[in-house]
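Just below is one structure, and these are the notes that go with it.
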Amino acid sequence: LGAVLGHDLVLAHVADRPATVALELVEREDYGAAVGAPVAILRFAAPAKRAGGRRGPLPDFEVGDLLGVVPPGEIVPRFYSLASSKADGIVEICVRLMPGGVSSTRLHGLRPGDRIDAFVRGNPRFRPAADAPSLILIGAGAGIGPLAGFVRANDGARPVHLYWGGRSPASDFLYEHELARHLAERRLTSLTTAFSRDPRGRTLVQDRIAADARRLGELVRQGAQILVCGSRDMSTGVRHSLEAVLRPIGLDLATLSAGGRYVEDVY
């Protein structure tokens, strides 16, 4: 553009470093190493001002908001969907180790007591609607983080159906025990899993959606809201399966999206 205009253009913008707070890792759960896809559930709290003292306050946030993590020496944050709310008393994220990823590598290297600099960015669009009679939660891999948080926050007043895909039920079944507890407590109505490396048969989450087309179509016809979290590749396959679910009942994703009944948090 500068050559066409005959004018030198100097592009030297440097973004301001966002204001951050310190968070201290208090607990971690590790999955996926056996299938070459390490994933960690990381839980942080505000540090204590002095050894053995009371921990400081957390910023305000809700499940589905974003935690911006600023790697040391950098100004560009990496964002992770929050699996907890301030009411839980912890800051919880689910992180997959990305090959060459500066932020994910550092996060996976943390041990309890280590600290990060982070901030919260609101994401109010990605929330269960208060008036939705039921929820259909769909995700894969680390995308289960906020979905598990939505289940945890459900008081059992409305049905919640979770569809989630991983690699191996023996290696990376994230939140397995917590979800089993929520099923028993009726916070979670149904759990449908798909594992791409299951020796009993390879399945993807979109395959499970296609197999449950009749049930899902009826839930949507009755007003269910659909929330999807995970990779863009996964969401593309899910979209194709959902369009086939919706077509027989005279709906489509564009219509549901416009009405807030289909929302995504994909990356």
Practice problem: Pop out the carbon and sulfur fraction of the accessible area of region 91-146 as a percent, whole number, probe 1.4 Å. | Solution: 54
Self-check item: Label point distance in nm, Ser190-Ala51, each placed 7 Å from Cα along Cα→Cβ
Solution: 5.5
Quiz item: Mind checking the dipole of the chain: about its Cα centre, +1 per Lys or Arg Cβ, -1 per Asp or Glu Cβ, Debye to the nearest 20?
Solution: 400
Quiz item: Cα axis of helix 176-185 to longest principal axis of the chain: angle in degrees, 0 to 90, nearest 10?
Solution: 50
Quiz prompt | Cα-centre dipole for region 1-141 with unit charges at Cβ (Lys and Arg positive, Asp and Glu negative), debye to 20 | solution = 360
Quiz item: Gap in Å between the Cα centre of region 112-135 and the Cα centre of region 161-225?
Solution: 21
Self-check item: Probe 1.4 Å, protein heavy atoms only - accessible area per residue of region 127-256 in square angstrom
Solution: 45
Exercise. Rounding to the nearest 20 debye, state how big the charge dipole of region 164-232 is about its Cα centre with +1 on each Lys and Arg Cβ and -1 on each Asp and Glu Cβ.
Key: 160
Exercise. Run through the DSSP bridge list for the chain and note the antiparallel percent, rounded to the nearest 5.
Key: 55
Quiz item: Remind me, relative contact order of the chain in percent, using alpha carbon pairs under 8 angstrom and six or more residues apart?
Solution: 16
Self-check item: Carbon/sulfur fraction of accessible area - region 170-267, other protein chains in place, 1.4 Å, %
Solution: 48
Self-check item: Accessible area (Å², 1.4 Å probe, nearest 10) - Thr193
Solution: 30
Quiz item: With the chain treated as a Gaussian network of Cα nodes joined by springs under 10 Å, which of Val151, Val245, Val14 yields the largest mean-square fluctuation?
Solution: Val14
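The values are calculated or read from the model by the stated rules, or taken from the named source; none is laboratory data. Just so we're clear, the structure is a prediction, and the values are computed from it rather than from any experiment. Cβ: placed from backbone, ideal geometry, glycine included. Neighbour counts: every protein chain shown. These accessible areas exclude ligands, DNA and RNA; they are computed on the full protein's heavy atoms, side chains included. Shrake-Rupley method; radii C 1.70, N 1.55, O 1.52, S 1.80 Å.
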